[in-house]
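Notes follow once the structure below has been shown.
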Amino acid sequence: MSEYKNFETIAIRTQSKRTDNREHSTPLYLTSSYIFNDAEQARALFAEEEQGNIYSRFDNPNADEFIKKMTLLEGTEAGFATASGMAAVFSSLAPFLKTGDHIVSSRSVFGNTHKVISEILPDWGVKSTFTNLTDHKDWENAIRPNTKVLFLETPSNPTLDIIEIEWLAELANKHNALLVVDNCFATPYLQQPAKLGAHIVIHSATKYIDGQGRVLGGIILGSNENIKKVKTFAKRTGPAISPFNAWVLSKSLETLAVRVDRQCENAERLAKHLNSHEEIASVKYPFLKSHPQHEIAKKQMKKGGGLLCFEVKGGVERGRKFLDALQMLSLTANLGDTRTIATHPASTTHAKVPEAERQLAGITGGMIRISAGLEHYDDILEDIEQALAKSK
């Protein structure tokens, strides 16, 4: 438990113990290994009879601080920080699956996550079924006696679909399965899946946690029992985060709340504006009343998030012209940055997902995903408006 009650204070004031140098900000611990006081301490540490640092693939003070903050913010007992978001995805699944097992996943997941589940896990003899994220019956019908994991993103990437986490947690418990929730889009500031029943929560910390497009990182959070399995797997396979990246991400958490507040504000204003725009066919944003799961979003999210997606009139060709006409917005596959980003999911982040699966997930050729940044709203809007005008 934290000595502080409020999210912002926890994110700022949770800190590693100061050294004799009395530093205000946690220093970098750029070391691969640690000195043992004597042979007996070395033995005791490796035997796990004593707690302490052995090797930075296992533990590091910078990683420990980042993990501690995230466990407090997400409301979990333990965590393990990884080198990237995809390392977190894979390391949240591999320790809990073996040959003959089955995983049920929403088809509305990041493209590489889809590939891990549909192509890599089958090579291990792990079968999978993809479901419509929002269809309760689809989830229920997909579960088999050998189903060990239910996996999802909510809001989903890139369609921003939402399911009630509490309901899915009850379903997972009923079938003795593990519920793994990718909380990257919401961040712990807007949503805490573990408090709603999720067994494991993961993040690509590269996105909103860093928030400035600088470093890669990921994190897996859950109970002591589950994270012990994750750490055992990770110690053997080596997806650990670097001390430098962990240090950056821990510092980044200090501004997460203020950044996400501004991003949510910009995204919601933009969604409302575009929702009645004559050049836009449709807009999707969790806190728009037109969103199919609007009430669920309001129930389990503090705000609507910093992402929206829309369909320009004219389909894929108009969409490409729109992207090429943008002058300020960045064309990149990242999200959660201080800079507003425009992405065409069908040709980038989800390009390798089979066309049929993309269509079932609602990822159309004309869909544009916007990750609202921290610029002045008027400047974001002006760039989008001029691009819509030029792309007619």
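Does at least one position in the range 35-53 carry a residue that is surrounded by fewer than 20 Cβ atoms within 10 Å (Cβ to Cβ), on the phi < 0 side of the Ramachandran plot, in the same structural domain as PHE244 (by TED's automatic domain parsing) and in contact with a strand residue (DSSP E or B) (Cβ under 7 Å, 6 or more places away or on another chain)? Checked against the condition, which is being surrounded by fewer than 20 Cβ atoms within 10 Å (Cβ to Cβ), on the phi < 0 side of the Ramachandran plot, in the same structural domain as PHE244 (by TED's automatic domain parsing) and in contact with a strand residue (DSSP E or B) (Cβ under 7 Å, 6 or more places away or on another chain), the range 35-53 yields no hits at all. Filtered by the rule that a residue be in contact with a Pro (Cβ under 9 Å, 6 or more places away or on another chain) and without any contact (Cβ under 8 Å) to a residue 60 or more places away in the chain, the range 280-303 gives HIS294, LYS298.
Of all positions in the range 376-391, none carries a residue that is assigned to a helix (DSSP H, G or I), under 21 Å from ASN132 (Cβ atoms) and small (Gly, Ala, Ser). Examine the range 100-112 for a residue that is out of contact with any strand residue (DSSP E or B) (no Cβ under 7 Å at 6 or more places or on another chain) and surrounded by fewer than 19 Cβ atoms within 10 Å (Cβ to Cβ), and state whether such a residue exists. Yes, the range 100-112 has at least one match. Once the range 292-333 is narrowed to residues that are within 19 Å of the chain's Cα centre (by Cα) and polar (S, T, N, Q), the residue that is modelled with the highest pLDDT is GLN300.
Results for (1) β-branched (Val, Ile, Thr); (2) surrounded by fewer than 22 Cβ atoms within 10 Å (Cβ to Cβ), shown as yes or no for each residue.
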residue	(1), (2)
ASP182	no, no
ILE202	yes, no
GLN212	no, yes
VAL215	yes, yes
SER223	no, yes
LEU253	no, no
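If the condition is being of a type outside the set (A, V, I, L, M) and in contact with a helix residue (DSSP H, G or I) (Cβ under 8 Å, 6 or more places away or on another chain), then the range 376-391 contributes TYR377, GLN386, LYS390, SER391. From TRP124, TRP139, grab the single residue that is among the aromatic types (Phe, Trp, Tyr) and surrounded by fewer than 16 Cβ atoms within 10 Å (Cβ to Cβ). TRP124 is the lone residue from the list that is among the aromatic types (Phe, Trp, Tyr) and surrounded by fewer than 16 Cβ atoms within 10 Å (Cβ to Cβ). Criterion applied to ALA42, ALA63, ALA87, ALA94 was being over 27 Å from the mean Cα position of the chain (by Cα), part of a helix (DSSP H, G or I) and among the aliphatic types (A, V, I, L, M), and the one residue passing it is ALA42. Any residue at all in the range 113-121 that's in contact with a Gly (Cβ under 7 Å, 6 or more places away or on another chain), in contact (Cβ under 8 Å) with a residue 12 or more places away in the chain and either farther than 14 Å from ILE220 by Cβ or not assigned by TED's automatic domain parsing to the domain that holds GLY218 (or both)? Taking every residue of the range 113-121 in turn, none turns out to be in contact with a Gly (Cβ under 7 Å, 6 or more places away or on another chain), in contact (Cβ under 8 Å) with a residue 12 or more places away in the chain and either farther than 14 Å from ILE220 by Cβ or not assigned by TED's automatic domain parsing to the domain that holds GLY218 (or both).
Note on the range 151-246: enclosed strands (runs of 3 or more DSSP E) holding 3 or more residues that are in contact (Cβ under 8 Å) with a residue 40 or more places away in the chain and under 28 Å from ASN62 (Cβ atoms) are 200-204, 218-222.
Tally up the residues in the range 311-336 that are in contact (Cβ under 8 Å) with a residue 40 or more places away in the chain, touching a helix residue (DSSP H, G or I) at 6+ places or on another chain (Cβ under 9 Å) and closer than 26 Å to MET86 by Cα, please. Number of matching residues: 2. Taking the criterion of being under 15 Å from VAL258 (Cα atoms) and either within 21 Å of the chain's Cα centre (by Cα) or touching a residue at least 24 places away in the same chain (Cβ under 8 Å) (or both), the residues of the range 1-17 that qualify are PHE7, GLU8, ILE10, ALA11, ILE12.
The values are calculated or read from the model by the stated rules, or taken from the named source; none is laboratory data. The model shown is predicted, which means the values in this text are computed figures rather than measured ones. So basically every Cβ, Gly included, is an ideal-geometry build from the backbone, and we count neighbours across all protein chains shown.
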